[in-house]
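Written out below as structure tokens is the structure these notes cover.
Just so you know, all these numbers are worked out from the coordinates, no wet-lab data involved. A quick note: this is a predicted structure, and the numbers were derived from the prediction, not measured. As a convention, Cβ positions derive from the backbone with ideal geometry for all residues, glycine included, and neighbour counts pool all protein chains shown.
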Amino acid sequence: MEFPFPKFTKRQQKASQKAKVPTPSKRGGVYAPEERTVQTTVKLDKLPKVLRSSIIEKNLQIFEIPSPSSNTGFNEIAWRDQNGSKLYLENLDSEGTVLLDLKVTYPEVQSLAEKSGWPNSLPDAIYVKSGGGDDQRMAAKKMVLGLLKSYQSDKKPPKPIILKETQTDNVGPKGLAIEFSVKNITQLDPIMMQDDFGLEIMQGIRSAARFGPKKPSPNLGPINDALTAYQAKLQAGVENGFRVEGVDAAPEARAMFQEIKNAAQVLKDTIDTTIERNPDSPLLTKLKTLQKQVESAIKDGFTNELDTRRWQQWLDPKLKPLTEDVIVPGTGTQIGAGVQGPVFKYELDPASERKPAVLKYDSNGLNNNATGAGIPELNPQQSVRAVAAFKMSEHLNLGVIPRTEVFVGTDADGRPKLGQAMEFVNGAIGQRAAGKKNENVDQKFVRDQENILKNPNSRPEDLRTAASIMPNYVKVNGKWYRADVFPVDIDYGDRFVQKGLSNLQVFDYIIGHADRNPGNWIYEKDNTGSITGVKGIDNDDTFGKRWSPEGVPLMGGALRGIPPIVDISTALSILNADFAAIRPLLAGLSDEEVNKAAERFAQVQQEVGQRVMSGKIASMENVDQATLDQLHNKVTFIGPRPQPMPGILRWGDQGIAGDHTDQNSYLGFQIATKDYLAQKYPGSEGVIPQSGDVLV
């Protein structure tokens with residue numbers, strides 16, 4: 001088995017054992033291992049790439065800390081650089097694998113970390129050489145998280161730390177070299193609020209009058225006025241969508257940012273003048289604290305100030321968002337990109353009993369349908385909208401939206417970055433693109449558009465252009481082709497397909513989905529490959545204040561309203577629901593957006609009642625008379641019950657699809673598209689396989 005660093009000669013070991021001088025850490029800690037081997041010459045070609053680059057970067061000297069135990073059967077080795085910013089750990093057994101419970105490897109590695117000076121200093125990066133495979137990556141990450149917990153437990157108060165896996169290299173068939181960055185989350189206190197500042201001033205005055213000679217107090221009116229103006233500009237900045245990534249390119253955003261800078265400068269000048277004129281004031285400490293906060297905010301470009309307020313505005317204090325610490329292995333796989341940025345799939349630790357997650361960060365990129373629906377372009381709050389959609393779906397017992405949670409990651413500077421984590425759905429996406437083999441394509445042009453979508457720093461206008469272009473192309477065997485979009489090959493007479501599409505269409509009306517198309521729903525499958533339902537994904541473009549079924553073209557056509565047939569359990573759930581109980585689930589949306597959702601919900605209740613009265617409801621199984629009576633009693637607000645009441649249809653029965661057209665339902669739209677493409681591409685039957693590249 002090969003070590004991450006070459007072994008030393010006996011002469012090197014003997015000489016190094018005499019070197020026991022403590023080594024200072026750049027963060028103030030002191031490393032004093034009892035014994036160490038000093039690596040003065042490193043054979044870089046023997047190192048994994050992920051370790052080699054960092055050593056080359058700063059010409060680091062590497063220290064070896066031997067294992068405190070020699071009879072474990074493991075080759076536990078720890079290494080560190082001379083300034084304490086990087087820690088290297090190895091936890092391989094003789095077979096090159098990791099014990100998942102870590103009962104043997106973890107205590108040894110923890111001891112090595114402590115010998116390397118861990119309690120005194122938090123490194124910037126931790127490198128682990130581990131066995132290959134996802135399970136081993138997860139075990140290695142758990143081990144490092146355990147070390148972080150032991151470090152945090154000694155700190156009062158505990159420091160918020162996020163561990164991010166930033167690179168993983170294969171170092172043989174049974175080995176991985178994993179790089180983790182260690183970030184303290186930047187969560188500075190925001191600048192004093194006016195009320196807090198005023199309260200501390202009063203306490204300072206009382207203290208001075210009670211315990212010391214009376215000293216003149218400054219005139220605080222100008223400071224309070226300047227502080228109020230600055231706070232107002234910051235709040236306007238939050239509402240207009242400034243992000244932790246920087247100032248938006250839009251002219252109105254730049255103008256707003258300049259107003260914040262001007263207000264901060266006025267506040268700083270006012271504080272400076274007040275301090276200069278009142279050097280003996282009992283409030284001098286408070287004034288200097290405020291002065292320091294304003295200077296820091298200006299120097300920081302107001303990043304922390306705007307971000308802190310965004311968190312205060314968006315996130316419920318009880319909400320505990322997912323972080324990179326629970327996303328394992330951590331690097332993920334990019335599975336898509338669009339105007340709203342790249343999308344990643346992450347595997348989660350099986351011990352958490354969670355499915356894999358799909359992650360994406362909030363951005364300021366919107367398509368035309370979203371802006372037309374009234375979603376604000378500078379502060380779209382995609383994660384808030386997606387989470388609200390999931391919560392409402394659960395409340396109504398529809399189950400059409402995968403579990404979605406707020407996710408907080410970090411950027412390169414350790415700044416919090418807001419996004420969403422959605423449970424991965426196993427199944428077939430509703431539509432896919434096939435390449436048209438007889439049309440020429442400018443390969444460089446399409447590659448350039450693809451790169452724009454993948455680049456998080458692309459300008460919003462470039463993102464929109466690229467996002468509108470890329471759906472016209474598809475890559476087949478590494479080459480770009482003009483694309484045509486086909487429904488996937490499924491049975492549209494399947495009862496789960498019919499019920500699932502009906503439920504999704506009803507729900508999309510309630511949440512005002514501005515961009516629903518077959519490409520963002522999935523036919524969910526069980527372990528046998530059988531379809532069990534339909535899940536709607538990409539729920540960012542929802543709850544727009546101007547959304548209406550007449551104003552937003554869905555799926556590129558004239559589709560309107562709720563479907564012609566509604567499921568009986570869905571009808572009961574919607575008719576029994578009170579929007580007053582739903583309103584708290586939409587926290588973070590504007591009052592106008594929530595009120596519009598309430599109007600749409602009332603409209604859906606009315607239309608569902610009409611379906612019940614006309615017998616346009618269906619069930620998966622037989623319905624007892626008590627359930628029927630309950631349902632019929634719920635629609636008396638529409639009018640008197642007809643005698644006799646119509647019966648209940650069955651999903652999957654022959655003839656159900658006949659009520660559906662491309663004008664009134666998702667199901668009808670798919671069937672009509674299939675029939676059209678079957679004529680356009682003879683022999684294709686209007687559908688393509690659920691996976692694999694296709695040329696037509």
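Remarks
- Gain in span if fully extended, residue 636 to residue 603, counting 0.36 nm per residue against the direct Cα distance: 10.3 nm
- Inter-label distance for residue 624 and residue 448, nm, one decimal - labels placed 7 Å from Cα along Cα-to-Cβ: 6.8 nm
- Near the amide H of residue 336, within less than 5 Å, lie the amide hydrogens of 343, all on another chain or at least 5 residues away, with H placed in the peptide plane.
- Footprinting exposure proxy ranking of 599, 439, fewest other C-beta atoms within 10 angstrom first, gives 439, 599.
- In this simple spin-label approximation, residue 438 and residue 681 carry label points 7 Å from Cα along the Cα→Cβ vector, and these lie 1.3 nm apart.
- For 687, 387, 441, the sequence from fewest to most other C-beta atoms within 10 Å is 441, 687, 387.
- Computed from the Cβ-Cβ distance with R0 of 25 Å, the FRET efficiency linking residue 528 to residue 653 stands at 0.60.
- Paramagnetic reach from residue 468 in the range 345-376 [backbone N under 13 Å; point 7 Å along Cα→Cβ]: 366-372
- Once both labels are positioned 7 Å from their Cα atoms along Cα-to-Cβ, the gap between residue 298 and residue 258 label points is 1.8 nm.
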